[in-house]
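Just below is one structure, and these are the notes that go with it.
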Amino acid sequence: MTERRLLLVNGPNLNLLGTRQPEVYGSTTLAEIEARVAQVAKEAGLAVRAVQSNHEGELIDAIHAARSDCAAIVINPAAYSHTSVAIADALRSVGLPVAEVHLSNIHAREEFRHHSYVSAVAEMVVAGAGPLGYEMAVQYLADRLAQ
């Protein structure tokens, strides 16, 4: 690995941020979040590779690929948080530090959203901080990697 890089993973429907249920997810677009993550990471001496997919297998493939060129993963698994043992297993299998992000407070929403399979793998979880949660995750991982 020639440079320290984060993999930023965003799951299903997050491509619609900014227009999808702004009362829940806010008006910030995914492109704006990715740009801010890249800026915060750059300030911490990190590069970012971002991937968003509505397909579980594509997310798993991106996580597997991170083994070769990433130092850590920031993930908002979206609805896959509550259903995907496969994504949790993929994160566990790559052995990289993981920070999980949710724009909304999943614990204040429907009961089925209260459990995340990814949380058991993540070193840190931030929920309900909106786009700021991504920045918090990047800073956490930057500090973690500096240790």
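The values are calculated or read from the model by the stated rules, or taken from the named source; none is laboratory data. If you're wondering where the values come from, they're calculated on a predicted model, not measured in any experiment. All Cβ positions, glycine included, derive from the backbone under ideal geometry; neighbour counts span all protein chains shown.
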Restricting the search to the range 91-105, which residues are in a helix (DSSP H, G or I) and surrounded by 23 or more Cβ atoms within 10 Å (Cβ to Cβ)?
L91
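A quick yes/no check of all residues on (1) assigned to a helix (DSSP H, G or I); (2) at positive phi; (3) out of contact with any Leu (no Cβ under 9 Å at 6 or more places or on another chain); (4) at pLDDT 95 or above:
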| site | (1), (2), (3), (4) |
| --- | --- |
| A65 | yes, no, no, yes |
| V74 | no, no, no, yes |
| A79 | yes, no, yes, no |
| I87 | yes, no, no, yes |
| F112 | yes, no, yes, no |
| A122 | no, no, no, yes |
| V125 | no, no, yes, yes |
| G130 | no, yes, no, no |
| V138 | yes, no, no, yes |
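Return the only residue of R20, R5 being under 21 Å from V138 (Cβ atoms) and over 13 Å from the mean Cα position of the chain (by Cα).
One residue alone meets the criteria, R5.
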Could you please find all residues in the range 1-31 being farther than 25 Å from I60 by Cβ and either acidic (D, E) or touching a helix residue (DSSP H, G or I) at 6+ places or on another chain (Cβ under 6 Å) (or both)?
E23
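Has the range 4-13 got at least one residue that is on the phi > 0 side of the Ramachandran plot, surrounded by fewer than 21 Cβ atoms within 10 Å (Cβ to Cβ), among the polar types (S, T, N, Q) and part of a loop (DSSP other than H, G, I, E, B)?
Yes, the range 4-13 contains at least one residue that is on the phi > 0 side of the Ramachandran plot, surrounded by fewer than 21 Cβ atoms within 10 Å (Cβ to Cβ), among the polar types (S, T, N, Q) and part of a loop (DSSP other than H, G, I, E, B).
Mind listing just one residue for me: the one in the range 14-62 that is small (G, A, S), free of Cβ contacts under 8 Å to residues at least 40 places away in the same chain and not in a helix (DSSP H, G or I) and, of those, surrounded by the most Cβ atoms within 10 Å (Cβ to Cβ)?
Selected residue: G18.
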